[in-house]
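Structure record follows, encoded as structure tokens.
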Amino acid sequence: MITLCILEDHASLSDGLKLYLEKDGTMEVLSCMQSGEEMLTFMKTRKPVVLITDISMPAMDGYEVCRQVKANFPDVKVIALSMFDSEQAIQEMMACGANGYVLKSSPLNILKTAILRVMESNTYYDPNIIQTNRRLSMYQETRISLSRSERDILLMISQGKSNDEMSKLRGTALSTIQKHRKNIMHKLGVKGKGELYKYALNLHGHSS
């Protein structure tokens, strides 16, 4: 039995999801709540295997809920269920530790597929997301492979900043920046400054 909790500020949607997910008897919804704070309190006593959460909610949004769930209940799988299909929203949710991302506009069977996939320790992206899964996969690979400092350096590379500029912005030695660049190229399997810059642009896009 897969136990779930649903965090959604529209009760009618939560009720509909509960009916659908419990229909075949393989899943049980422990709670449907409209408040992130209440959900986190509830999970201290009854922890689900999977938390399905909206992103846009009053008081505590889905990003913060996900961060706190992963900090306090790291083994709980988190699936974002949102109407936002922007790459920024998806990347931010994944950066908070989410295991899956599903659009509210998609058929309900996709949510069920997402639940089963994240249970197998996979990351699941809704196939109806407008942005290409290739770019999202690049983001996931980068987040797993690189340290926080290396990810920051990669972002600045996409912005066209020189090693000297990065050194000043980060308050670190030039040799440290050069070492980070070398490590990034090794981890991502890219060769030369040109390939690294192209990768950074493909990942982050042009920055103003």
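For a Förster distance of 35 Å, can you work out the FRET efficiency between the beta-carbons of Thr41 and Asp15, rounded to the nearest 0.05? Efficiency computed from Cβ-Cβ geometry: 0.95. Taking the Kirkwood radius as Rh and the Cα radius of gyration as Rg, the chain has a ratio of Rg/Rh equal to 1.05. Under a model in which nothing but the beta-carbon of Lys, Arg (+1) and Asp, Glu (-1) is charged, the chain shows a dipole of about 1160 debye around its Cα centre. Go ahead and set up a Gaussian network model of the chain, Cα springs under 10 Å, then flag whichever of Thr123, Thr172, Thr41 fluctuates most. In the Gaussian network model the winner is Thr172.
Put a plus charge on the Cβ of each Lys and Arg, a minus charge on the Cβ of each Asp and Glu, and nothing anywhere else: the dipole of the range 148-208 about its Cα centre is then about 160 debye.
Of the residues Gly189, Asn163, Leu174, the one whose Cα sits farthest toward the positive end of the charge dipole of the range 146-204, with +1 on the Cβ of Lys and Arg and -1 on the Cβ of Asp and Glu, is Gly189. Look at the dipole of the chain built from charges on Cβ: of Gln140, Cys32, Val78, the Cα furthest out on the positive end belongs to Gln140.
Take the alpha-carbon centre of the range 98-116, take the same for the range 13-43, and report the distance between them in whole Å. The range 98-116 and the range 13-43 have Cα centres spaced 14 Å from each other. Each label was represented as a point 7 Å from its Cα along the Cα-to-Cβ direction; for Leu174 and Leu108 these points are 6.3 nm apart.
Relative contact order of the chain: 13 percent, from C-alpha pairs under 8 Å at least 6 residues apart in sequence.
Across all Cα pairs in the range 146-204, the calculated P(r) in 10 Å bins from zero up to the longest distance comes to 25, 63, 12 percent per bin. The GNM of the chain, with springs linking C-alpha atoms under 10 angstrom apart, assigns the highest mean-square fluctuation among Leu116, Leu174, Leu155 to Leu174. Shape class of the range 1-54 from the Cα gyration tensor (axes a ≥ b ≥ c, square roots of the eigenvalues): oblate, since a/c reaches 1.5 or more and a/b does not exceed b/c.
Neighbour counts of other Cβ atoms within 10 Å put Tyr139, Tyr197 in the fewest-to-most order Tyr197, Tyr139.
Read-outs: derived from the displayed coordinates by stated rules, not from any lab. A quick note: this is a predicted structure, and the numbers were derived from the prediction, not measured. Cβ atoms come from the backbone with ideal geometry, glycine included; neighbour counts cover every protein chain shown.
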